[in-house]
1. Quick test of your reading of the structure: Ser176 fulfils all but one of (1) within 17 Å of His105 (Cβ to Cβ); (2) crowded, with 16+ Cβ neighbours inside 10 Å; (3) within 16 Å of ligand 1 (Cβ to nearest atom); (4) among the polar types (S, T, N, Q). Name the failing condition by number.
2. Within the bounds of the stretch 142-149, is there any residue that is in a helix (DSSP H, G or I), touching a Gly at 6+ places or on another chain (Cβ under 7 Å), open to solvent by 70 Å² or more (accessible area, probe 1.4 Å) and not small (Gly, Ala, Ser)?
3. State which residue is farthest from ligand 2 (Cβ to nearest atom) when the search covers only the stretch 109-131 and only residues that are of a type in the set (A, V, I, L, M, F, W, C) and more than 29 Å from Gly291 (Cβ to Cβ).
4. I'm trying to understand the selection: among the residues of the stretch 266-285, which are more than 13 Å from ligand 1 (Cβ to nearest atom), surrounded by 14 or more Cβ atoms within 10 Å (Cβ to Cβ) and of a type in the set (S, T, N, Q)?
5. Can you find a residue that is closer than 22 Å to Asp133 by Cβ and among the hydroxyl-bearing types (Ser, Thr, Tyr) anywhere in the stretch 187-195?
6. Find the residue count for the stretch 125-141, including only residues that are over 23 Å from Ala204 (Cβ atoms), open to solvent by 10 Å² or more (accessible area, probe 1.4 Å) and not in a helix (DSSP H, G or I).
7. Looking at Gly250, Gly241, which is the one that is free of Cβ contacts under 8 Å to residues at least 12 places away in the same chain and open to solvent by less than 80 Å² (accessible area, probe 1.4 Å)?
8. Which one of Ile168, Ile210 is open to solvent by less than 70 Å² (accessible area, probe 1.4 Å), closer than 30 Å to Gln268 by Cβ and of a type outside the set (D, E, K, R)?
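The values are calculated or read from the model by the stated rules, or taken from the named source; none is laboratory data. These numbers come from a predicted model, not from an experiment. Quick reminder, even Gly has a Cβ in these numbers, built from the backbone with ideal geometry, and neighbours come from all protein chains shown. These area figures cover heavy atoms from the full protein model, side chains too; ligands, DNA and RNA do not enter into them. Shrake-Rupley method; radii C 1.70, N 1.55, O 1.52, S 1.80 Å.
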Amino acid sequence: MHEQYGGVVPELASRAHMEHIIPVVEEALRVANCKLQDLNAIAFTQAPGLIGSLLVGTQFAKSLSLSLNIPLIAVHHMQAHVLANLIGDEKPAFPFLCLTVSGGHTQIVLCESPSQMKVLGETIDDAAGEAFDKTAKLLGLPYPGGPLIDKYAQLGNAERFRFPEPQIPELNFSFSGLKTSILYFLKNAGSSLVYKEEFLATDAEQKQFIEENLHDICASVQQRIVSILLNKLKKASKQTGIRNICLAGGVSANSGLRKAFLEMGRKQQWNTFIPAFEYCTDNAAMIAITGYYKYLDKNFATLNAVPSARAEWGSQ
Ligand code: KG4
Ligand code: ZN
């Protein structure tokens, strides 16, 4: 639905939520083989996200908890991405570090318990997923481009083109400089990473350059995004002395990142964890596992709970 617009259209997303929320819940209950009466609590995503979609989920969850007379649990989306690592049988011991990389966020989180988390570093501009999606857009690929870059990167030579690694202090990230250098690189059909008064290539030459080099461009860009992420993660592990290290978020579905992460883990003698593929990109199981831990803590929301588009971590 959003593909034709090259990105998510918020109003269409909230209308689709209205349309689909009841059939989706019915289908989930059917697949899980349970009835509404079997449920112990209703967990919902409170923040961050697109406000229209969050409002639909929040009001639906409130209504359901009220009518079933069971507790309501408000979940923070980024906390849920981190706790997706606790879904399987092999769970990280606390404390652990988690590199959470999604379409909207890029964070290194110190997790001391399911409810105690601290963001040690985050992006000062674009998220890693945005770097993938915006690169894909420059290459003329459909939205969301991350999975396509991953696919083409597997066929290309990552050493072919060298994109710069930004020097950002502490444990923070930046991806906007990389995006700009890719833009100039393409506008100049590969002959320069920096802006020239006049771009060196015509539109037709740019198009041809992309067509002929798509796999190598994707592999080189992906390698740089991965090295930016993992170098900071290595630094965070050195600074904290923590060796239980997890990945989370949509970008952790990226095969290049998964491979390089496991390789770094072997070299650095980390205990590494990556959620199963289906728990990396946005999913309801990660909201449920967070709801489960909040349920054990009796950390319930009231009917006054309001959703928020913003990412601040309150009293999770
Ligand atoms: O966590 P997520 O599903 O949604 C947000 O909370 O944002 O992450 C979506 C992001 C998108 O930017 C998408 O392009 C990226 O994850 N993504 C990937 C891959 N699969 C999803 N990026 C690179 N390689 C992939 N295989
Ligand atoms: Zn997400």
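1. Ser176 satisfies all of (1) within 17 Å of His105 (Cβ to Cβ); (2) crowded, with 16+ Cβ neighbours inside 10 Å; (3) within 16 Å of ligand 1 (Cβ to nearest atom); (4) among the polar types (S, T, N, Q) except (2).
2. Taking the stretch 142-149 first, the residues in a helix (DSSP H, G or I) are 146-149.
Of the ones still in play, those that are also touching a Gly at 6+ places or on another chain (Cβ under 7 Å) are 146.
This time we only want the ones that are open to solvent by 70 Å² or more (accessible area, probe 1.4 Å), so: none.
The answer is no; no qualifying residue exists.
3. First, the residues of the stretch 109-131 that are of a type in the set (A, V, I, L, M, F, W, C): 109-111, 117, 119-120, 124, 127-128, 131.
Now drop any that are not more than 29 Å from Gly291 (Cβ to Cβ), which leaves 124, 131.
Details: Ile124: 19, Ala131: 15 Å.
So the residue we want is Ile124.
4. Residues satisfying the conditions are Gln268, Asn271, Thr272.
5. no
6. Residues flagged as over 23 Å from Ala204 (Cβ atoms), open to solvent by 10 Å² or more (accessible area, probe 1.4 Å) and not in a helix (DSSP H, G or I) within the stretch 125-141 amount to 2.
7. Values: Gly250 fails: free of Cβ contacts under 8 Å to residues at least 12 places away in the same chain.
Every option except Gly241 fails the conditions.
8. Working: Ile210 fails: closer than 30 Å to Gln268 by Cβ.
Step by step, each of Ile168, Ile210 is checked, and only Ile168 is open to solvent by less than 70 Å² (accessible area, probe 1.4 Å), closer than 30 Å to Gln268 by Cβ and of a type outside the set (D, E, K, R).
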